[in-house]
Every structure is written in structure tokens, then in C-alpha cells.
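The values are calculated or read from the model by the stated rules, or taken from the named source; none is laboratory data. Please read all numbers here as calculations on a predicted model, not as lab measurements. In this analysis, Cβ positions are derived from the backbone assuming ideal geometry, glycine residues included, and neighbour counts consider all displayed protein chains.
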Amino acid sequence: MANFLDQSREGSFGSAASLNAGGFGAAMAAADFSWIHGLAKGEQNPEADRLLQAAAGGLDPQQRIEEATVDFLTRLREQFTEYCKIFNGYSEAGARFQEIKVYSVAQTAADFMIYRNQVKLVASNVAHGVIQISFSQHQRTGVAVEGQSVGATGQSTSSTAHEILAQVGPFGDVSWVYQGEKVQPAQVARFYFTEFVRATRDQKKSRSMSQQLLLEQIKTLLQEQGLNL
């Protein structure tokens, strides 16, 4: 898991370099100023703004976390969907390799899963302020993610589930933390998408290697009996 945290640090250094090289204007252009527009509109219609703030629950941290959870999962799904679209474009409609599918989880606000070769990765809000990302599979042969086995023989499991936790800052902002460090949706999606592709690809190759080994064993037995394929 340190991998995607390390990738984030590298990205931070890259960002700093770009600012030093004169990229400050571009960074400012990409900044989110929607809150200022909201303040200005509130000045024009103060009564309506007060009603909206009251209806939104003001600075209630519980509601902030709920909204931030849906937002994080939605952004995470958008990243996965885009990655799948690009990745599947190389599959030639499944002719070269199995495509990855994205599905919503029924009766949830924003939970979703990606699926390929009977392996699925699920992103879900399992508790207040907790987003869980877990692998499960229905294969006789296990796959490894970060050196850990995903699944036991003949059963589905979520033994490699990881949790990302919400953290409310001193000014009411909600950030997401894994192992004590803040993470972003794009960072998390890239790491898990890469792990998922490799895990499902290795599983497919494992089946092919098993079939090849079986053919070699049959060939050896036939040669011992004086027969050739």
C-alpha cells in the first residue's frame, strides 16, 4: 500500500517544480473558486442564503462527512470508469483480453464495483466516515495483491479489505486518510486499478499455464508409450 502513498509524494515534488518553473498561473487557473461565487450570490439574496444554509445543516460535521463520502466515492468511480474505458479500448471488444466492467451497488448512495474474470473489487461506505475497498473472487486458484492471497479455494472472501477514513479538519473541511496520510481519489483509483488488472491478468495466465502443463504431461505419457502427438 505504500506504493500509492509514494506516488503521491512524487507528484507533490513534481507540482512544486512546475510552480518554480512558472506554473503558478496555471495552478491558480485550475483552483476551485466556486465558493466565492456562492458567497457573492448569497450577498445578493441574503434571506434565501440563510434558508439554504439552515436546510443544509450549517456546519454539522456528521452531514459534512456523509456528503464528503458520497463525493469521494463518486469521484473514485469516475476515475475507474475513465480508466476502464481507456484500458478496454485495447482489448478489441474482448478479443485480446477480457474487458473490465463497472457496476453500481444496488440500494446505496454511491457504492460500486469493477469486475473481470470472476474477480471483483468493491468500493463501499461500510460505516460513517469509512470507505472500504476490498477484493473478492470465486476461483479455485488464489491471486495475490501486495503479496497477500485474495480468496481461498472454492469460496469468496474480502480478507484484503482496506479502509480509508474521513477526518474533519479545524475549519470543517473533510479529508480522507489511509495509514495516517491524506489520499486523493485519483491516487487511490490508479493504485487499485493497477493492482486489479495485474491480479486478474495473472489469474488468467495461471489457468493457461496449468493447461499447458497438463498438455505437456499428457505428451510425455504418450511418448513413454511410443506415441507421438
Any chance you could count how many residues in the range 163-193 are under 15 Å from M113 (Cα atoms) and at pLDDT below 95?
0
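On the given criteria, is A110 part of a loop (DSSP other than H, G, I, E, B), surrounded by 18 or more Cβ atoms within 10 Å (Cβ to Cβ) and modelled with pLDDT of 90 or more? Lay out the reasoning, then the answer.
Details: part of a loop (DSSP other than H, G, I, E, B): yes; surrounded by 18 or more Cβ atoms within 10 Å (Cβ to Cβ): yes; modelled with pLDDT of 90 or more: yes.
Yes, satisfied.
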Search result, residues across the range 170-189 that are in a strand (DSSP E or B), of a type in the set (V, I, T) and touching a Phe, Trp or Tyr at 6+ places or on another chain (Cβ under 9 Å)
V174, V183
Need the failing condition index for A21 against (1) exposed (fewer than 10 other Cβ atoms within 10 Å of the Cβ); (2) modelled with pLDDT of 65 or more, just the number.
(2)
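Report yes if some residue within the range 71-89 is at pLDDT below 60 and out of contact with any Cys (no Cβ under 8 Å at 6 or more places or on another chain); otherwise report no.
Filtering the range 71-89 for residues at pLDDT below 60 gives none.
No, because not a single residue in the range 71-89 is at pLDDT below 60 and out of contact with any Cys (no Cβ under 8 Å at 6 or more places or on another chain).
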Since A95 meets every condition but one in (1) more than 20 Å from V130 (Cα to Cα); (2) surrounded by 13 or more Cβ atoms within 10 Å (Cβ to Cβ); (3) modelled with pLDDT under 95, which condition does it not meet?
(2)
